[in-house]
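The values are calculated or read from the model by the stated rules, or taken from the named source; none is laboratory data. This one's a predicted model, so the numbers in the text were calculated from it and none came from an experiment. Glycine also receives a Cβ, built like all others from the backbone with ideal geometry; neighbour counts cover every protein chain displayed.
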Amino acid sequence: MRRLTVPAIRQRKMNGKVEEPIVMLTAYTARQAQLLDSHCDILLVGDSLGQVIYGLPSTLPVTVDMMIAHGAAVVRGSYHSVVVVDMPFGSYEASPQRAFENASRIMEATGAAAVKLEGGEVMAETVAFLVQRGIPVVGHVGLTPQAVNVLGGYGARGRDEAEAEKIMQDAQALDEAGAFAIVLEGVLEPIAIAVTQALSCPVIGIGASAQCDGQVIVAEDMLGMFERVPRFVKRYGNMAEAISQAAEQYAREVRDRSFPGPDQTYQPK
Ligand code: KIV
Ligand code: NA
């Protein structure tokens, strides 16, 4: 199976509609990518790895080098999905040139097909700059976690008319700038539906609406790795319990010397 391409994803939305919603999950490691790849259209190496893998308090301290290490692992672990790597906070906002330098480094070092960056109208020039120079871009509007200090938290966006209108303008600006898809996070459902209908490129929702052109979620959240998850997460597994049960049994068997057993030890012939 040949790897899906960015144009193939973009063309899933024709005349304002997708036939089959786009399936996107985050992945940070090679093994995780191997397990998720055949089920997805896009694997996102999200800067959420800051919290999920590194225990950081937000995505802000995540670096380009961290994104490169995990991006390369996910590309090595997948052969079907389009791999998109998040541009971390501080690596793209200052200018289109800075963004190109960091995005091209990420593309070269990982083999990923595209990058994602946060921000609407203010980033439109940068998105066009990258796309025109060979770097496909996914936009990200609505609740943008890198702006948590400006937004004041991770609550849903678009609760007043002005903010709802701004989200629409931001999404449209990125669409016109040439983003091949846009992640729309944490917005009231009517806004998600309106944006999905208004944009020519696919709108991929997270905490948005089932009527979006696709969905994305943090894999560890849907796998049940955490006690506390955002309201928009549905748990499809209970990895936390499976892991602690396995560790509990291992610890018990080490302590009572029943591990390693005959199957796990080497004897002289
Ligand atoms: O970093 C991330 O995982 C993301 C998705 C949740 C969209 O940006
Ligand atoms: Na992100």
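Couple of notes before you dig in:
- Output for the stretch 8-61, where each listed residue is closer than 21 Å to Met239 by Cα and in contact with a Lys or Arg (Cβ under 6 Å, 6 or more places away or on another chain): Ala30
- Applying the set (1) away from ligand 2 (no atom under 16 Å from the Cβ); (2) surrounded by fewer than 24 Cβ atoms within 10 Å (Cβ to Cβ) to Ala171 leaves exactly one unmet item: (2).
- First in the stretch 131-146 and within 18 Å of Glu108 (Cβ to Cβ), second anywhere and within 13 Å of ligand 2 (Cβ to nearest atom), Cβ under 8 Å, 6 or more apart: Ile135/Val115; Pro136/Val115; Val137/Val115; Val137/Lys116; Val137/Leu117
- Complete set of residues in the stretch 104-148 that are basic (Lys, Arg) and away from ligand 2 (no atom under 14 Å from the Cβ): Arg105, Arg133
- Among the residues of the stretch 99-124, the one identified as among the basic types (Lys, Arg) and either within 14 Å of ligand 1 (Cβ to nearest atom) or closer than 15 Å to Asp175 by Cα (or both) is Lys116.
- Taken over the stretch 1-30, the criterion of being under 17 Å from the mean Cα position of the chain (by Cα), more than 20 Å from Gln197 (Cβ to Cβ) and part of a helix (DSSP H, G or I) is satisfied by Val6, Ala30.
- Sub-8 Å Cβ pairs linking a first residue in the stretch 61-79 that is of a type in the set (D, E, K, R) to a second residue that is part of a helix (DSSP H, G or I), at least 6 apart or interchain, are Arg76/Ala30; Arg76/Ala33, ordered by first then second residue.
- Unique residue being modelled with pLDDT of 95 or more, among the polar types (S, T, N, Q) and part of a helix (DSSP H, G or I) when the list is Gln211, Gln245, Gln267: Gln245
- Number of residues in the stretch 148-164 that are assigned to a loop (DSSP other than H, G, I, E, B) and in contact (Cβ under 8 Å) with a residue 24 or more places away in the chain: the value is 5.
- The requirement of being under 23 Å from Gly178 (Cβ atoms) and β-branched (Val, Ile, Thr) is not satisfied by Val74.
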